[in-house]
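Comments concern the structure below.
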Amino acid sequence: MTTHRSVVRETQRVGQRWLTDVPAEWLATRLRFVCDIATGSGDTQDAEPEGEYHFYVRSPHPLRSTGFTFDTEAVLTAGDGAVGEVFHHVRGKFHAHQRVYVLSNFRHILPRYFYYYFSSFFRLMAQDGSARTTVDSVRRWMLTDMPFVLPPLDEQRAIADYLDNETAQIDALVAKQEGFIGLLRERQEAFADAEFQQRGDRRSATVRQTLVRLDRSPLPGSGVVTAYRDGVVTLRANRRADGYTMSEAEAGYQGVLPGDIVFHALDGFAGAVGISDSEGQCSPVYHVCRPRYADDAEYLALLIRYMGTSGFLSTQAPSTRQRSVDFRNWGTFARVPLVLPTVDHQKKFVAEYQAHSARFDGLIAKAQEHIALAKERRSALITAAVTGQIDVRTARMAG
């Protein structure tokens, strides 16, 4: 467990290394001397989708609110429970979550320069070994002693102007790549739509008539198999184990073999169903199945997943839980209607779908690689500018 004292030491160590890179004539100080630190007062239940004001929460994406608690220029960051990196530079009226820090009333520092410096320093902390855990739960005492360097105001302005221009260009490239990814995924969805929305020359059946529910005893010591919402079913160890609660007794766990259709009874409506690529065990919240007859297992898994992500399964469940649809009762799931083509058609479609998916996934992976490189360059550029490693006036002229 990371203590208050160890975090302070780690911040100071990173700060000392950071300060060795800045020009000697820049003033070194602490955050508490250049701004005020406040926190919001809202909770996520305060959000109103039609609200007039931005509501900043512990996420990169603000919500909306009908009221505001601040009317100022500020830099915001999230406290414990943050989802990803959360940094905002805002002006005007806004509402803030009670675990969002609102840094304002800037002294001897331009807010835009403050934003770039502040976010860059925290990213360095996140990348710095043992400090990685400290930025997941920001506390006030982490902020007050944060080292800050203050160039002259005209140089702060030049740095902020330079970074505004350069980061805008990088952000535009990232947005273009993200748009390309969205287009590819739409084309993937359209391919599935064309198949699974057909009704002619197909037989009607139910899950019970098509699938056999299995109930194997798990192999002692075998890994836990999880169905993810992207349709991948694999050992949890193949992705990550953090954030899961494991049952010591593993009561009710069932065996899973490669090729099984695995359906998450609470998350299947969101796409958590697919063919297992691993041998292991899963909890009783899953239905583990095989085709009853000659139907293609991959086709059936794709069909059921499509029925979930398209919203059809939500209409078939007698009860719902928050953010999920409950199919834990096998009888309920077994009554879900299916519309099936011939087995030959199923196999042909699966082959075409896999070929299309491989092509799209390759293009998406390349686009994601471009995005990661662009974001890495953006972060490095900001760090170099706010620590004086590059002369922004010369860099702008060279550009």
Two-site FRET efficiency, Asp326 against Asp164, from Cβ-Cβ distance with R₀ of 51 Å, rounded to 0.05
0.55
Suppose R0 equals 35 Å. What FRET efficiency, 1/(1 + (r/R0)^6) with r the Cβ-Cβ distance, do Asn238 and Arg199 give to the nearest 0.05?
0.40
Beta carbons within 10 angstrom, averaged per residue: use that to sort the peptides 95-104, 54-63, highest first.
95-104, 54-63
What nm distance separates the two modelled labels at Thr39 and Arg64, each placed 7 Å from Cα along Cα→Cβ?
2.8 nm
5 angstrom amide H check on Gly274, placed H, neighbours 5+ away
Val262
For region 143-233, build the convex hull from the C-alpha positions and give me its volume per residue in Å³.
250 Å³
Counting alpha carbon pairs within less than 8 Å and at least 6 residues apart, what relative contact order, in whole percent, applies to region 206-339?
31 percent
Which whole-Hz couplings ³J(HN,Hα) result when phi for each residue of region 50-56 is put into the Karplus expression 6.51 cos²θ - 1.76 cosθ + 1.60, θ = phi - 60°, listed in order with x for Gly and Pro?
9, x, 7, 10, 5, 10, 8
Principal axis dimensions, region 206-339 - Cα atoms, whole angstrom, descending
38, 36, 24
Determine the gain in length on full extension of the stretch Ala190-Gln368; use 0.36 nm per residue of separation and subtract their C-alpha separation, reporting nm with one decimal.
61.9 nm
Rounded to whole Hz, the Karplus (6.51, -1.76, 1.60) HN-Hα couplings of region 291-307, x for glycine and proline:
x, 6, 10, 9, 4, 6, 4, 5, 5, 4, 5, 5, 4, 5, 5, 4, 4
Any chance you could run the full-extension gain for Glu48 through Ala358? It's 0.36 nm times the residue separation minus the Cα-Cα distance, nm to one decimal.
107.5 nm
Residue by residue through region 257-272, the couplings from Karplus 6.51 cos²θ - 1.76 cosθ + 1.60 with θ = phi - 60°, in Hz, x for Gly and Pro, are 10, x, x, 5, 8, 10, 10, 7, 5, 10, 10, x, 4, 9, x, 7
Using Cα-only point scatterers and the Debye equation, what is log10 of I(q)/I(0) for region 265-341 at each q in 0.21, 0.27 Å⁻¹, rounded to two decimals?
-1.01, -1.56
Computed E for Ser314/Glu25 - FRET, C-beta separation, R0 56 angstrom, nearest 0.05:
0.35
Label-point separation in nm, Ala384 to Phe180, each point 7 Å along Cα→Cβ:
2.3 nm
By the mean-Cβ-within-10 Å protection proxy, highest first, 339-352, 179-192, 139-152 rank as 139-152, 339-352, 179-192
Charge tally in the Cβ shell below 10 Å around Ala265, where Lys, Arg are +1 and Asp, Glu are -1, Ala265 excluded
-1
Give me the one-decimal nm value for the distance between modelled label points at Val343 and Arg107, 7 Å along each residue's Cα-to-Cβ direction.
8.0 nm
Once amide H atoms are built 1.01 Å from N in the peptide plane, which residues 5 or more positions from Arg30, or in another chain, come under 5 Å H to H?
Phe148
Within 10 Å, count the other beta carbons around each residue, average over each peptide in 109-122, 302-315, and list them highest first.
109-122, 302-315
If each K or R counts +1 and each D or E counts -1, the residues other than Thr309 whose Cβ falls under 9 Å of its Cβ total +1
State the extension gain, in nm to one decimal, for the chain segment bounded by Asp145 and Val285, taking 0.36 nm per residue of separation less the distance between their alpha-carbons.
45.6 nm
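Read-outs throughout are calculated quantities, based only on the coordinates presented, and are distinct from any laboratory measurement. Not measured: the values here are computed from a predicted model. Here Cβ is always computed from backbone atoms with ideal geometry, including for glycine, and neighbour counts include all displayed protein chains.
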